[in-house]
Amino acid sequence: MRLTVLGGCGAWPTAEQACSGYLVEYEGFRLLIDPGYATLPRLLRHIRVDAVDAVLVSHGHPDHCADLNPLLRARGLSDVPPPALPVYAPHGALDAVLALDRPGMLATAYDLHEFRPGDPLTIGPFTADTWLLPHFVPNAGIRLATPHAVLAYTGDTGPSPDIPRLAAGADLFLSEATYVDKVPDADAPYLLTARLAGEYARQAGAGRLLLTHLWPGTDAEAALQTAAGAFSGPIDIAAPGLTQEAGHRP
């Protein structure tokens with residue numbers, strides 16, 4: 001399983017960083033997870049829009065799904081449209097982004113599969129277990145597995161005892177880390193720190209930790225060092241173009 005980061009910036013994109021977006025490939029199948037703001041141009045550096053086989057969205061905030069609209073436009077309005085794109089998302093999460101165009105304009109461009117966080121999914125060669133994790137809106141933590149690898153992804157979440165279960169033994173743990181070591185009190189139930197991400201990775205016995213959803217302007221080195229205080233395995237920041245191979249560890 002190969003993960004390519006399209007973006008990992010929280011809230012809004014910057015000149016250097018798109019928001020959350022990840023291309024996961026296995027046996028020729030290409031799954032796009034969380035097409036947030038400014039991720040489509042980054043995606044196009046790697047594959048054509050008609051090469052995406054499915055989309056999986058963790059929750060309905062636009063920094064995780066806004067670029068689904070231009071992706072569907074590029075497919076649905078092309079001279080020879082590809083087949084409808086399977087799109088998986090929690091119930092109602094995509095209502096706003098799918099309503100950006102006039103009714104019916106992109107209806108043949110996608111095939112929407114809504115689920116409740118907690119439901120299991122099968123998407124191409126992947127099996128996905130999902131967890132309802134605490135956020136401002138319903139958010140699905142995702143444990144994506146093949147016979148050879150496990151990728152765990154929190155989406156956006158606050159502290160939860162389910163996170164180490166989500167990431168248990170994962171080859172790659174992609175964790176929200178909006179703040180370095182302290183979340184403002186009002187948001188503390190709904191977001192994580194790099195410190196907590198490191199602690200959860202250690203508790204889960206994850207092979208590698210990838211910090212994502214950093215608040216714009218966050219000192220990436222400070223986030224890395226803080227997470228390393230809790231987790232002794234390899235740690236990276238989700239930056240555009242970064243690729244990670246996930247497979248069974250010896």
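The values are calculated or read from the model by the stated rules, or taken from the named source; none is laboratory data. Predicted, not measured: the structure shown is a model, and the values here were computed from it. All Cβ positions, glycine included, derive from the backbone under ideal geometry; neighbour counts span all protein chains shown. Ligands, DNA and RNA are excluded from the accessible area calculation, which covers all protein heavy atoms including side chains. Shrake-Rupley method; radii C 1.70, N 1.55, O 1.52, S 1.80 Å.
When both residues are 6+ apart or on different chains and their Cβ atoms are under 8 Å apart, which pairs have a first residue that lies in the range 134-156 and is without any contact (Cβ under 8 Å) to a residue 40 or more places away in the chain, and a second that is open to solvent by 20 Å² or more (accessible area, probe 1.4 Å) and charged (D, E, K, R)?
Every condition considered, the pairs that remain are R143/D129; A145/D129.
Taking the options T178, T130, T146, T193, name whichever one is modelled with pLDDT of 95 or more and over 23 Å from V24 (Cβ atoms).
Residue meeting the stated conditions: T193.
If a residue counts only when it is crowded, with 22+ Cβ neighbours inside 10 Å and at pLDDT 95 or above, which helices (runs of 4 or more DSSP H) contained entirely in the range 54-109 have at least 2 such residues?
62-65, 68-76
Is it the case, given these coordinates, that A223 is touching a His at 6+ places or on another chain (Cβ under 9 Å), open to solvent by less than 30 Å² (accessible area, probe 1.4 Å) and over 22 Å from G118 (Cα atoms)?
No.
In the range 133-159, which residues are in a loop (DSSP other than H, G, I, E, B) and open to solvent by less than 10 Å² (accessible area, probe 1.4 Å)?
T154, G155, D156, T157, G158
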